[in-house]
Amino acid sequence: MATTDNAQPVGLPDERPPANTVGPVAWLRNNLFNTWYNAILTVLVLALLGSAIPPFLDWLLIKAHGLDATSQECRQGGGACWGFVNEKLRFIMFGTFPYDEQWRPFATIAIFIALLLASCDRRFWKPWFGLVWAAGLAAVAILMWGGVLGLTYVENTLWGGLPLTIILSVIGLAVAFPAAILLALGRRSNMPAVKVLCVTYIELIRGVPLISLLFMASVMFPLFLPNGVSVDKLLRAQVAFIMFAAAYMAEAIRGGLQAIPKGQYEAADGLGLGYWQKMRKIILPQALAVAIPPLVNTFISFFKDTSLVIIIGLYDLLGTAKAALSDPAWRGFYREAYLFIGVIYWIFCYSMSKYSQKLERDLNRSHRR
Amino acid sequence: MAQVAQQAQHTLSGEEIIRCTGVNKWYGEFHVLKNIDLSVQKGERIVVCGPSGSGKSTMIRCLNRLEEHQKGTIVVDGIELTNNLKNIELVRREVGMVFQHFNLFPHLTVLENCTLAPIWVRKKPKAEAEDIAMRYLKRVRIAEQANKYPGQLSGGQQQRVAIARSLCMSPKVMLFDEPTSALDPEMVKEVLDVMIGLAEDGMTMLCVTHEMGFAKSVADRVIFMDRGEIVEQDTPDRFFTNPKSERTKLFLSQILNH
Ligand SMILES: Nc1ncnc2c1ncn2[C@@H]1O[C@H](COP(=O)(O)OP(=O)(O)O)[C@@H](O)[C@H]1O
Ligand SMILES: [Mg+2]
């Protein structure tokens, strides 16, 4: 049997690397001061950081007013006003959802985060986990709408803040993802009609800005409906998002499909697998693994793009933050508001990015050497 | 000489498993297969050889319709290959194929590579499919690697897994397309040994290869192809010692001098 043998026969003894190539000083020399222009850049960057960070920290923490500061107190001193965030926290997070019922959107967020965290574990990538998701979404619907189980009914025009952002993006991505797979497969299909349909759809949607798609969904869509029938605004925005995300994700997935060698298709065909078996068991698992970076890119930009719903009058996280600023008592605390929601967006996006890197590593570790 | 004796013992059933009549194929304007007539009996071992680009791969790939022929008929195991997808899938179940570049599924373990088609195509229970897979992996002497991924194996090992993967479908015919030509020289033998073992067990085999030693020792018939035609076919003794056509002689002189 041909196994490579790493054991060395009698040979040279192991040596340590020369002392000036290891250790922190060597690292500094090799990475920050290895050439004269690199040295200048290093110094410049340090100077820049030195002049920017202290004033920022000063504003952020040292001169900042605490969580219980009133707006009058804040207006006197120069630091950040965290009293604003504290005062408006529930409005920014949950929008106009009835105040006493705000445990419901809170529970919604918790359910989504739990579902998302569990979905990160590959042991749960089984068909039955779809049922868990379905149950979770049903619970979310009951919590948000109410009207059953003794919960008061809350119209979805009152929804807002983080739950709205999460609902739009998670449901949007969950529906768009399978649609994108079908579109990508359709685009590579050898049935001309299917192919033309998918190409047209993808190119059409990718050719218009999301904003105009949202406008169309909210202004034009009702024109096509018979009189008296109205589809709710949130649903229309959700549909527009799904259509948009599906087109972009389809292209990411198509890139993955193109990376799969012809031999994989032939081996699957040769074993007698049908088209869908071949795709599900052989081609897609590999293609999706290849497509993780561009897919996550789409996920992240899509998560942030949900903030565009503000233009059709829905108040997602960004919308509620803006609305909070319009309170005359707290006008002008933009920095605190945007920094706060910026951090929330960042936590979500950075987690996605980190998780995708881990997933990529795991998949690569098992598949290839 | 022992091999000749062994060959003499090998008797064919006389039952036909593959029949090609007047098969023609074009790639655009290019005529790759010209009037191929071929009949293969159950248990027959056929080696196909010929210069590169002569259409060997194309011909055997037509037999499980990885390529489509445009004229003539191909009947495999009683089923004619047409555009009928159901029939194509039925034929592919019965015809195993081993490729030059192995084409193992890199995201599945060796064992999963072997059980996938039995489970999904033959609808075998998982445990049974695994039993069968382990049996064939033992047979190609690689059972201890069952839980590794293909990327962790050497070329020769991967090709043996590919053979086991095909065998797990209990095919009636095995097609080999230059199974050893992508291998480092020291790994060729381990794969050929497995193939010889298969031949001895009576598997019907069509094998495109330039391993003339293999052809001499196990083939019932050697087919020589050139420019899309079957130029000559004969028993290995006569093919190698007494080729009829000039093209065959030229080819043999080139290949045997290397
Ligand atoms: N997909 C294809 N499109 C166009 N020409 C092809 C294609 N596949 C093979 N050919 C051509 O057909 C001829 C026969 O190819 P092939 O059957 O692979 O030959 P062999 O296996 O005998 O080397 C070659 O000249 C090759 O260039
Ligand atoms: Mg070839």
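The values are calculated or read from the model by the stated rules, or taken from the named source; none is laboratory data. Quick caveat, the model's predicted, so the values are computed rather than measured. For neighbour counting, all protein chains shown are included, and Cβ atoms are generated from backbone atoms with ideal geometry for every residue, glycine included. Ligands, DNA and RNA are excluded from the accessible area calculation, which covers all protein heavy atoms including side chains. Shrake-Rupley method; radii C 1.70, N 1.55, O 1.52, S 1.80 Å.
Points to keep in mind about this one:
- Looking only at the stretch B:112-122, and only at residues there that are more than 8 Å from chain A (Cβ to nearest Cβ) and either touching a Gly at 6+ places or on another chain (Cβ under 7 Å) or surrounded by fewer than 22 Cβ atoms within 10 Å (Cβ to Cβ) (or both), the one that is nearest to B:V191 (Cα to Cα): B:E112
- Residues of the stretch A:255-278 satisfying the condition of being surrounded by 20 or more Cβ atoms within 10 Å (Cβ to Cβ) and either more than 7 Å from chain B (Cβ to nearest Cβ) or polar (S, T, N, Q) (or both): A:G256, A:L257, A:A268
- Positions within the stretch B:163-190 being within 16 Å of ligand 2 (Cβ to nearest atom) and not in a loop (DSSP other than H, G, I, E, B), in sequence order: B:L175, B:F176, B:D177
Every residue, every condition in (1) modelled with pLDDT of 85 or more; (2) among the aromatic types (F, W, Y); (3) within 18 Å of the chain's Cα centre (by Cα), yes or no:
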| position | (1), (2), (3) |
| --- | --- |
| A:V140 | yes, no, no |
| A:G146 | no, no, no |
| A:G150 | no, no, no |
| A:S169 | yes, no, yes |
| A:P178 | yes, no, yes |
| A:A184 | yes, no, no |
| A:R188 | yes, no, no |
| A:M191 | yes, no, no |
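- Considering (1) open to solvent by 60 Å² or more (accessible area, probe 1.4 Å); (2) assigned by TED's automatic domain parsing to the domain that holds A:L234; (3) without any contact (Cβ under 8 Å) to a residue 40 or more places away in the chain; (4) more than 17 Å from A:A291 (Cβ to Cβ), the lone condition that A:L158 does not fulfil carries the number (3).
- Out of B:D226, B:D234, one residue alone is within 16 Å of ligand 2 (Cβ to nearest atom) and either closer than 23 Å to B:G53 by Cβ or more than 14 Å from chain A (Cβ to nearest Cβ) (or both). It is B:D226.
- Any hit, the stretch A:189-212, residues being assigned to a helix (DSSP H, G or I), assigned by TED's automatic domain parsing to the domain that holds A:L284 and closer than 25 Å to A:I347 by Cβ: yes
- The conditions of being of a type outside the set (A, V, I, L, M), assigned to a helix (DSSP H, G or I) and open to solvent by 60 Å² or more (accessible area, probe 1.4 Å) are not met by A:K281.
- Filter result for B:M97 (more than 9 Å from chain A (Cβ to nearest Cβ) and within 16 Å of ligand 2 (Cβ to nearest atom)): no
- Tabulated pairs, the stretch B:134-159, first facing chain A (nearest Cβ under 10 Å), second basic (K, R) and open to solvent by less than 10 Å² (accessible area, probe 1.4 Å), C-beta under 9 angstrom, 6+ apart or interchain: B:R141/B:R160; B:I142/B:R160; B:L153/B:R160
- Filtered residue count, the stretch B:26-56, keeping only those that are away from ligand 1 (no atom under 15 Å from the Cβ), within 17 Å of B:I230 (Cβ to Cβ) and open to solvent by 30 Å² or more (accessible area, probe 1.4 Å): 4
- Yes/no for A:L41 being assigned to a helix (DSSP H, G or I) and either within 30 Å of A:L143 (Cβ to Cβ) or hydrophobic (A, V, I, L, M, F, W, C) (or both): yes
- Within the stretch B:57-87, restricting attention to residues that are open to solvent by less than 10 Å² (accessible area, probe 1.4 Å) and not in a loop (DSSP other than H, G, I, E, B), the residue that is farthest from ligand 1 (Cβ to nearest atom) is B:V76.
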